[in-house]
1. State, as an integer percentage, the relative contact order of segment B:111-216 based on alpha-carbon contacts under 8 Å between residues 6 or more apart.
2. Over chain A, what is the relative contact order in whole percent, taking alpha-carbon pairs under 8 Å and six or more residues apart?
3. Using a 7 Å offset from Cα along Cα-Cβ at A:R187, what residues in segment A:66-101 end up with backbone N under 15 Å from the label point?
4. Tabulate in residue order the Karplus-calculated ³J(HN,Hα) for segment A:85-102, using 6.51 cos²θ - 1.76 cosθ + 1.60 with θ = phi - 60°, rounded to whole Hz; enter x for Gly and Pro.
5. How well do other chains shield peptide B:131-139, expressed as the mean number of their Cβ atoms within 10 Å of each residue Cβ?
6. How far apart, in nanometres, would the label points at B:Q235 and B:L39 be if each is projected 7 angstrom from Cα along the Cα-to-Cβ direction?
7. Between A:A73 and A:D222, 0.36 nm times their residue separation minus their Cα-Cα distance comes to what?
8. Taking 30 Å as R0, compute the FRET efficiency from the Cβ-Cβ separation of A:A129 and B:L225 and round it to 0.05.
Amino acid sequence: MADRRPFLHVRDVGKTFQIGSERVDALHHVDLTIDKGEFVCLIGASGCGKSTLLRIIAGFETPSYGDVRVYDAPITGPGSDRGMVFQDYALFPWMTVRNNIAFGPRQKSLSSAEIRSSTEKYLEMVGLAKFADRYPYQLSGGMKQRAAIARVLANEAGILLMDEPFGALDALTREQLQDELLEIWARTQVTILFVTHSVEEATLLADRVVVMTAGPGRIESDNRVSLTRPRDVSAPDFNAVRRNLTEKLTSHVSRRRLKSVA
Amino acid sequence: MGVVASGTKLVPTPYMVAVMMRDFAFGGVYDDAFSGTILTHLLASMQRVYGGFLLAAAIGIPLGLLIGKVAFVRALLDPTLSLLRPIPVTAWLPLSMVFFGLGPRSAVFLVFLGAFYPILLNTVFGVRSVDGKLFEAAAMLGCDGSRMFRQVVMPASLPAIFNGLRLGHGFAWILIVVGEMTGVPTGLGSVIMDGRTLSRPDLVITGMVVIGVAGFACDRLIVVLNNYVLRWSPQHRG
């Protein structure tokens, strides 16, 4: 029988920062549940708290109130069940690609044969087997991000937290990595929470698109994308979904703009 | 005036220096106290340079890692170290003779002092400037505590540590001359001092050249080691 407890549960989470004498409401009573194996995109204008929410789920920051639970167990800090993929890769520059991927398995008391086999498996999966002995500085941006993805997969993280992972890449590489990510997601059935500011990217990738708004940061709407996969960015129904999401994303922004003009 | 009138040459010609160097290395020209003694003096100096330098590295690197990483140690030691730092190493010369007497130990102490601060400060800087994202990445991969120190802090600080080692090594060779002016019978510094006392500028210059060449050769060795250890970082290659 399937586990009925929510897999990832963000429960009434808020975060306020003190910047000088000003208190900034980065997140305001945010509730979100994500099922196992779901691909969820978080979109919103900058300053809406989407990265903060991701960092709280990763355990890098503690919420001011509320908590985040995985199968009802509150998280208390960074853990190997949740793997973060950073926009600027954060690979260990003194390690080869292979050793970067082996870093997580090495922290556990696995045999060297187990470490090697899992490292090779994910090197293969992200197509970096030929570049295994290169250092990060010898890789292109796309290859670095592939290595970073393999690093969290090799760590058997059930949840991938991706913070605008393809934001720094050129359009062609981005498309390629989007395809590869979907393939990896289908193969590993990992749960993905993906922050982006591109509506098209969210429409292409996600089962659900969560739209956030700023001031204070909160969830504006939670939209299921029921387009069949593989999705075609030039299809009319894709366009309809994208337009709908864009409206949700910008309506709030323009409303605020009008208010400030008035 | 008297010097000019008597025709005495205070600055020897390159040829005179070359002859002196040949005698210093192999003997057979002047056959005096300095003939064929290059190895004795070079080895004596190198022992002191590397005694002091390695001591400075052995204390400076671990201490720097601690000061950089542990706030308590920083609060404890930083005021003292900051107060002692501006004192020029040469100012320690009289005190070091009181502590260690006339002799090689005093020279080792001065070399140690000169190499210690660049090594320490660069190590502290290296630890303090590790990209915070790397700690986050390591933490989410299950790394913590002392493993974090060994697997992230130390390798990430290596470029700065090497920078400190190279600077400290340069100071070590500078200070050996000062250290060996304190009445030690051997060493390249003492050769230079003897040359001065005996009014033999060719000997002084010979000592200078040998120190320069030895310091340069040893620096290249450190650069080779640096390039191998930091082969992952093209901007830190010397």
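Values in this text are rule-based calculations from the coordinates and carry no lab data. Note that the structure is a prediction, hence the values are computed from the model and not measured. Positions of Cβ are generated from backbone atoms using ideal geometry, with glycine treated the same way; all protein chains shown enter the neighbour counts.
1. Working: 101 pairs, mean separation 30.6, N = 106.
Rounded, it is 29 percent for segment B:111-216.
2. Values: 479 pairs, mean separation 66.0, N = 262.
Over chain A, the number comes to 25 percent.
3. The answer is none.
4. Couplings: 10, 7, 4, 9, 6, 6, 6, 7, x, 8, 10, 5, 3, 4, 6, 4, 5, 7 Hz.
5. Working: counts 3, 2, 8, 4, 3, 8, 15, 6, 8.
Mean shielding by partner chains, rounded to a whole number: 6.
6. It works out to 4.6 nm between the two label points.
7. Details: separation 149, 0.36 × 149 = 53.64 nm, distance 2.41 nm.
Contour length minus the Cα-Cα distance gives 51.2 nm.
8. Numbers: r = 32 Å, r/R0 = 1.05.
Using R0 = 30 Å, I get an efficiency of 0.40.
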